[in-house]
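Peer 1: Once you've had a glance at the structure underneath, I'll fire off some questions.
The values are calculated or read from the model by the stated rules, or taken from the named source; none is laboratory data. Computed from a prediction, not measured in an experiment: that's the story for all the values here. Methodologically, a virtual Cβ is constructed for each residue, glycine included, from the backbone with ideal geometry; neighbour enumeration extends over all protein chains shown.
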């Protein structure tokens, strides 16, 4: 199994690079966070590698740091999350922010990652909290009556429930529930208008 590669960057794209190691070109999937840390084409690069092997394929995934690789391995250990989704998650959030969101059980923050729904976000938070050393129950976060009223108001205006929940949670994070129904509804509408 390949665990580490050092060579010359032949090609660099946001989700994939080609690394020349002693005249052998390795195609390596990378998250956006690693892509941004890599040098320019023609320059040296080193990556921590995860080798993903199935009956039909052998794929390499590279990371700028061991920490990034470790969190990727934890993510793909969750049922339903494969390497492609794992890369997508790391492309949508910094490792430190993801760890904080998992430790805090911040399902709303995790579900803001493109392609990650609330159920997947909840599964990530629940399954990885223990692995990251904090055992808090995320399911205990029930939606309050105020939140439900705000979500209901937005769905009555024609917005999808998922969008409404995500938007209201983000508005509450910024303003807090103390801001009141009208201020939070205005903030929610402002955010939805930007989508």
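For (1) out of contact with any strand residue (DSSP E or B) (no Cβ under 9 Å at 6 or more places or on another chain); (2) touching a residue at least 60 places away in the same chain (Cβ under 8 Å); (3) loosely packed, with under 14 Cβ neighbours inside 10 Å, each residue gets a yes or a no:
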site: 30; (1), (2), (3): no, no, no
site: 34; (1), (2), (3): no, no, no
site: 44; (1), (2), (3): no, no, yes
site: 47; (1), (2), (3): no, no, no
site: 51; (1), (2), (3): no, no, yes
site: 79; (1), (2), (3): yes, no, yes
site: 87; (1), (2), (3): no, yes, no
site: 90; (1), (2), (3): no, no, no
site: 100; (1), (2), (3): yes, no, no
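Peer 1: Right, next: What helices (runs of 4 or more DSSP H), lying completely within region 114-195, carry at least 1 residues that are modelled with pLDDT under 85 and over 20 Å from residue 80 (Cα atoms)?
Peer 2: Result: 145-156, 161-175, 181-194.
Peer 1: Right, here's the next one. Filter region 54-84 for residues that are assigned to a strand (DSSP E or B) and more than 23 Å from the chain's Cα centre (by Cα) and give the result.
Peer 2: If the condition is that a residue be assigned to a strand (DSSP E or B) and more than 23 Å from the chain's Cα centre (by Cα), then 58 is the only one that fits.
Peer 1: Can you tell me which condition residue 58 does not meet? The list is (1) outside the structural domain of residue 19 (by TED's automatic domain parsing); (2) without any contact (Cβ under 8 Å) to a residue 12 or more places away in the chain, and all the others hold.
Peer 2: Every listed condition holds for residue 58 apart from (1).
Peer 1: Taking residue 17 and the conditions (1) surrounded by 13 or more Cβ atoms within 10 Å (Cβ to Cβ); (2) assigned by TED's automatic domain parsing to the domain that holds residue 118, which numbered condition does it fall short on, given that it satisfies the others?
Peer 2: It is condition (2) that residue 17 fails.
Peer 1: State all residues of region 66-75 that are touching a strand residue (DSSP E or B) at 6+ places or on another chain (Cβ under 8 Å) and either farther than 27 Å from residue 9 by Cα or in contact (Cβ under 8 Å) with a residue 24 or more places away in the chain (or both); if no residue qualifies, say none.
Peer 2: Of everything in region 66-75, those that are touching a strand residue (DSSP E or B) at 6+ places or on another chain (Cβ under 8 Å) and either farther than 27 Å from residue 9 by Cα or in contact (Cβ under 8 Å) with a residue 24 or more places away in the chain (or both) turn out to be 68, 72.
Peer 1: Can you confirm whether region 143-157 contains a residue that is outside the structural domain of residue 29 (by TED's automatic domain parsing) and under 17 Å from the mean Cα position of the chain (by Cα)?
Peer 2: So far as region 143-157 goes, no, none of its residues is outside the structural domain of residue 29 (by TED's automatic domain parsing) and under 17 Å from the mean Cα position of the chain (by Cα).
Peer 1: Can you report the number of residues in region 5-28 which are touching a strand residue (DSSP E or B) at 6+ places or on another chain (Cβ under 6 Å), more than 19 Å from residue 75 (Cβ to Cβ) and touching a residue at least 24 places away in the same chain (Cβ under 8 Å)?
Peer 2: Here the count works out to 11.
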